[in-house]
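Structure record follows, encoded as structure tokens.
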Amino acid sequence: MTADTTKALVTGADGFVGQHLLGHLLESGYAVSASTLELPPSRTVLGPAQMAAVDWKAADVRDHDALYRLIAAIRPDQIYHLAGFSSGALARAQAGRAMQINAGGTVNLCEAVLSVQVDFPAFDPRIFVMGSGDSYGDSALLGEPLTESMALRPVNAYGLSKACQELAGHTYRRAHDLRVVVSRTFNLVGPGQLSPFVVPNFCEQVADIAAGDAEPVLHVGNLDVERDFTDVRDAVVAFRAIMEREDGEAVYNVASGRPVAIRSLMDWIVSEAGIEVEVQVDPERVRNEDVPRIAGDASLLRAQVGWEPVRSIEQTVREVYRSIAS
């Protein structure tokens, strides 16, 4: 590592998004440290050489002192804060815990940075907080692509926890001059994603049917809602671009702007498997608070850093099926 090599710390690094971000940062020449709840990491999409190139640490974002020790030891130039509840289904089942980890963990991280600055006054990292498009909630009912200027009006526990997480980041930016930037990231998909997310869940069901391990019945929720999907490998490029823009905005949408019906995702997966299935709507998978159509407007990100998603969501979904079925 040379003196001008950017040092990055990624929290929640063993998660789906974190793993892809680690790979992208390594490929971009960063010196990468990664924190997880436990070591060794529970799963990985990285190869052995990339795993060995990462400086792995254990830290719980609910523990301020653990975060202080982690950050003081590394003193990174950039902190990508991804640790937290990423699943709406899990957040609904454990709403209080989702708030504690998503919002409380972000407060702990920012407080830990402030504590390290007391001991090392020159320490002034950029901090990326991965928020969510779910924070917009029923602002999507206006029927327009969601822009950063629109109100956050969450309609579920996950969106609430992410809106509070974002507010925590902005508060520390204003009150303590921490260099916090927030993404409102819409639905992500790609290799390595697991249930309960919709694409891997459909893929797992269809793969079992194709292998003869399950009856040819696909259990689904509301197939008619439309969501804005981006390949995770495109999204992590956006995250790094946001962090590299020193004079950027405080919040950016990361979205394709091209919503896709959940029915289309199912059709692509079934087509890739080359089978026929009976589709059954499972009432437990239908969420009454679901907004019919959500589209994110990432024109601010496009204008400031020139980012565009380059991968076809249909091809990504088919790729996810092949990886699960193999």
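Just so it is clear, none of the values below were taken in a lab; they were calculated from the coordinates. Because the structure is a prediction, the values reported are computed rather than measured. In this analysis, Cβ positions are derived from the backbone assuming ideal geometry, glycine residues included, and neighbour counts consider all displayed protein chains.
Model label sites at Arg75 and Glu144, defined 7 Å from Cα along the beta-carbon direction, differ in position by 4.7 nm. When the scattering of region 4-88 is computed by the Debye formula from its Cα atoms alone, each counted once and equally, what is log10 I(q)/I(0) at q = 0.18, 0.23, 0.25 Å⁻¹? For the requested q values the scattering log ratios are -0.70, -1.14, -1.33. Footprinting exposure proxy ranking of Val54, Val17, fewest other C-beta atoms within 10 angstrom first, gives Val54, Val17. Dipole of the chain computed with +1 at Lys/Arg Cβ and -1 at Asp/Glu Cβ about the Cα centre; of Leu152, His20, Gly105, farthest Cα towards the positive end is Gly105. With the chain treated as a Gaussian network of Cα nodes joined by springs under 10 Å, which of Gly18, Gly274, Gly169 yields the largest mean-square fluctuation? It is Gly274. Across all directions, the average flat footprint of the convex hull enclosing the Cα atoms of the chain is 16.3 nm². Across the options Gln315, Met243, Asn288, the greatest Cα extent toward the positive end of the charge dipole of the chain (unit charges at beta carbon of Lys, Arg, Asp, Glu) belongs to Met243. Judged by the gyration tensor of its Cα atoms, with axes a ≥ b ≥ c, region 34-130 is oblate; a/c meets the 1.5 cut and b/c is at least as large as a/b. Counting only the Cα atoms, region 75-167 fills a convex hull of 98 Å³ per residue. A Gaussian network model of the chain, with springs between Cα atoms under 10 Å, assigns the largest mean-square fluctuation among Ala261, Ala241, Ala211 to Ala211.
In terms of Cα atoms, the Rg and Dmax of region 194-275 work out to 16.9, 55 Å. Per-residue Cβ neighbour counts within 10 Å put Thr6, Thr230, Thr171 in the sequence Thr171, Thr6, Thr230, beginning with the fewest. Percent of Cα pairs in region 230-270 per distance bin of 5 Å, from zero to the largest separation: 5, 18, 20, 18, 15, 9, 8, 5, 2, 0.
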